[in-house]
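J.: Dumping the structure here so I can ask a few things about it.
The values are calculated or read from the model by the stated rules, or taken from the named source; none is laboratory data. Keep in mind that this is a model prediction, so the values were computed, not measured. Virtual Cβ from ideal backbone geometry, glycine too; neighbours counted across all protein chains shown.
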Amino acid sequence: MKYHNKKVLITGASSGIGEAIAYAFAKEGAFLILAARNIEELERVKCNCIGAEHVVTTFLDISDHDKVFTKMELLINEFGPIDVLVNNAGISQRSLAINTYFEVEKQMIDVNLLGTIAVTKGLLPTMITHGKAEIVVISSIMGKLGGPLRSAYAASKHGLHGFFDTLRAEHYKDGLKVLIVCPGYIKTNISINALTGTGKPQATMDEATGKGYSPEYIANKILKALKQNREEIVVAKGRERMGVVLKRFFPGLLSWIIRKAKTV
Ligand SMILES: NC(=O)c1ccc[n+]([C@@H]2O[C@H](COP(=O)([O-])OP(=O)(O)OC[C@H]3O[C@@H](n4cnc5c(N)ncnc54)[C@H](OP(=O)(O)O)[C@@H]3O)[C@@H](O)[C@H]2O)c1
């Protein structure tokens, strides 16, 4: 088992995809550091992990960037270098750009992009020195193309590709592996927690999200992709997967299709 006794830090481990990733690594015998804001939910996830005695939980708000750096330092001092960082924490959006407060756009970038960069930079030097480190980044299909009601979300996820493709190249010589994951719809609380234009959560489950893949499905795909040293995977059903292909080879056609997508 590749991850037996490896130290794995998962952000956004209190729910959804992060929670399922925690269970998948726990099965492998990894030592887990589960991070998020909701400690009660983190404790629930910890209790459900195989080998819960090898799991610790910690409060982390990745939008509070200065505190993120301090927290990463504390974690390194307590547990030593992290072998695998899973950058999963994120929030989505459900609003047209024209109706979205700038504060909401800033929040999307602060969490999904700058928060992820802060966590990564806080750990990177020790990961590099320790060697053979791996970083998983949960992007989205919206990291590959843009779609209605997701302008700032798509911007934040596109930014992740720019940053982490660069990081992979810069630290190839140091043995750093970076896997970017682009999920389509996955059945989690993402649409319930998604921000509307005023910053209030949408508080309802989207039909498409409700019909998405299970979090366990994507977690298993991620573990498999890590073991195969993949650099990027798309985990999506037919139409969304086709969107990525069209964007690459027939961008004009995709643009025409997206113009016709629902915006309410
Ligand atoms: N589900 C989908 O259809 C889908 C599709 C594409 C990409 N994704 C991506 O998958 C990732 C996980 O989302 P999910 O679907 O599992 O949704 P989710 O169930 O809403 O989980 C989101 C996780 O992120 C954490 N989080 C949010 N803001 C945070 C902050 N400021 N600091 C620390 N943690 C924070 C939440 O924990 P706390 O609230 O406890 O902090 C929660 O654990 C996200 O990056 C999302 O963009 C999801």
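J.: Cβ contacts < 6 Å: first residue surrounded by 14 or more Cβ atoms within 10 Å (Cβ to Cβ), restricted to the stretch 39-66; second residue among the charged types (D, E, K, R) and part of a loop (DSSP other than H, G, I, E, B), any location; separation 6+ or different chain. Result?
T.: 61/37
J.: Return the pairs, sorted by first residue and then second, in which the second residue is surrounded by 15 or more Cβ atoms within 10 Å (Cβ to Cβ) and hydrophobic (A, V, I, L, M, F, W, C), the first residue lies in the stretch 240-258 and is farther than 21 Å from residue 212 by Cβ, the beta carbons are less than 8 Å apart, and the residues are 6+ apart or on different chains.
T.: Final answer for the pair search is 253/246.
J.: Among the residues of the stretch 33-58, what is the count of those that are over 18 Å from residue 126 (Cβ atoms), in a strand (DSSP E or B) and within 17 Å of the chain's Cα centre (by Cα)?
T.: Going through the stretch 33-58, the residues over 18 Å from residue 126 (Cβ atoms) turn out to be 34, 36-55, 57.
Filter again for in a strand (DSSP E or B), leaving 34, 36, 55, 57.
Remaining after also requiring within 17 Å of the chain's Cα centre (by Cα): 34, 36.
Qualifying residue count, the stretch 33-58: 2.
J.: Listed residues 204, 198; which is in contact (Cβ under 8 Å) with a residue 60 or more places away in the chain, over 24 Å from residue 69 (Cβ atoms), surrounded by fewer than 21 Cβ atoms within 10 Å (Cβ to Cβ) and polar (S, T, N, Q)? Even if it seems obvious, please write down each step before you answer.
T.: Numbers: 204 fails: in contact (Cβ under 8 Å) with a residue 60 or more places away in the chain.
Residue meeting the stated conditions: 198.
J.: Next question. Taking the condition crowded, with 20+ Cβ neighbours inside 10 Å, in contact with a helix residue (DSSP H, G or I) (Cβ under 7 Å, 6 or more places away or on another chain) and not hydroxyl-bearing (Ser, Thr, Tyr), does residue 84 pass? Don't jump to the end; show me each part of the working.
T.: On the way: crowded, with 20+ Cβ neighbours inside 10 Å: yes; in contact with a helix residue (DSSP H, G or I) (Cβ under 7 Å, 6 or more places away or on another chain): no; not hydroxyl-bearing (Ser, Thr, Tyr): yes.
When the stated conditions are applied, residue 84 does not pass them.
J.: Residue 146: over 24 Å from residue 206 (Cα atoms) and small (Gly, Ala, Ser), yes or no? Lay out the reasoning, then the answer.
T.: Details: over 24 Å from residue 206 (Cα atoms): no; small (Gly, Ala, Ser): yes.
It is false that residue 146 is over 24 Å from residue 206 (Cα atoms) and small (Gly, Ala, Ser).
Residue-wise test of (1) away from the ligand (no atom under 11 Å from the Cβ); (2) over 19 Å from residue 33 (Cβ atoms); (3) in a helix (DSSP H, G or I).
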{"position": "124", "(1), (2), (3)": "yes, no, yes"}
{"position": "148", "(1), (2), (3)": "yes, yes, no"}
{"position": "159", "(1), (2), (3)": "yes, yes, yes"}
{"position": "179", "(1), (2), (3)": "yes, no, no"}
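J.: When both residues are 6+ apart or on different chains and their Cβ atoms are under 7 Å apart, which pairs have a first residue that lies in the stretch 217-239 and is over 14 Å from residue 138 (Cβ atoms), and a second that is assigned to a helix (DSSP H, G or I)?
T.: Qualifying pairs under 7 Å: 220/24; 231/168.
J.: Hey, any hits in the stretch 205-212 for a residue that's over 26 Å from residue 104 (Cβ atoms) and either part of a loop (DSSP other than H, G, I, E, B) or more than 16 Å from the chain's Cα centre (by Cα) (or both)?
T.: Yes: one or more hits.
J.: Okay, moving on. If residue 221 satisfies all but one of (1) over 15 Å from the mean Cα position of the chain (by Cα); (2) surrounded by 17 or more Cβ atoms within 10 Å (Cβ to Cβ), what's the number of the condition it fails?
T.: Answer for residue 221: the failing condition is (1).
J.: Give me the residue from the stretch 25-38 that is out of contact with any Cys (no Cβ under 7 Å at 6 or more places or on another chain) and within 25 Å of residue 113 (Cβ to Cβ) and, out of that set, surrounded by the most Cβ atoms within 10 Å (Cβ to Cβ). Before you say what the answer is, go through the steps one by one.
T.: If we filter the stretch 25-38 for residues that are out of contact with any Cys (no Cβ under 7 Å at 6 or more places or on another chain), which is where we start, we get 25, 27-31, 33-38.
Restricting the remaining residues to those that are within 25 Å of residue 113 (Cβ to Cβ) gives 25, 33-38.
Working: 25: 28, 33: 22, 34: 30, 35: 28, 36: 24, 37: 15, 38: 15.
Per the criteria, the residue is 34.
J.: Here's something else I'd like to know. Given (1) outside any helix (DSSP H, G or I); (2) modelled with pLDDT of 95 or more; (3) away from the ligand (no atom under 13 Å from the Cβ), where does residue 1 come up short, assuming only one miss?
T.: That leaves (2) as the condition not met.
J.: Name the single residue, out of those in the stretch 59-87 being within 15 Å of the ligand (Cβ to nearest atom) and touching a strand residue (DSSP E or B) at 6+ places or on another chain (Cβ under 8 Å), that is farthest from residue 125 (Cα to Cα).
T.: Of all residues in the stretch 59-87, those within 15 Å of the ligand (Cβ to nearest atom) come to 59-72, 75, 85-87.
The next check asks that each one be touching a strand residue (DSSP E or B) at 6+ places or on another chain (Cβ under 8 Å); those that pass are 59-60, 62, 71, 75, 85-87.
Working: 59: 22, 60: 20, 62: 19, 71: 15, 75: 14, 85: 13, 86: 16, 87: 16 Å.
Selected residue: 59.
J.: Right, something else. Which of the following residues is modelled with pLDDT of 95 or more, of a type outside the set (Ser, Thr, Tyr) and under 26 Å from residue 184 (Cβ atoms): 80, 29, 18? Spell out how you get there, then give the answer.
T.: Numbers: 80 fails: under 26 Å from residue 184 (Cβ atoms); 29 fails: under 26 Å from residue 184 (Cβ atoms).
Just a single option satisfies the conditions, and that option is 18.
J.: Next question, about the same structure. Given the conditions (1) within 30 Å of residue 253 (Cβ to Cβ); (2) out of contact with any Cys (no Cβ under 8 Å at 6 or more places or on another chain); (3) within 13 Å of the ligand (Cβ to nearest atom); (4) not basic (Lys, Arg), which single one is not true for residue 141?
T.: That leaves (2) as the condition not met.
J.: Among what's in the stretch 144-159 and is in contact with a helix residue (DSSP H, G or I) (Cβ under 6 Å, 6 or more places away or on another chain) and of a type in the set (A, V, I, L, M), pick the residue that is farthest from residue 102 (Cα to Cα).
T.: 145
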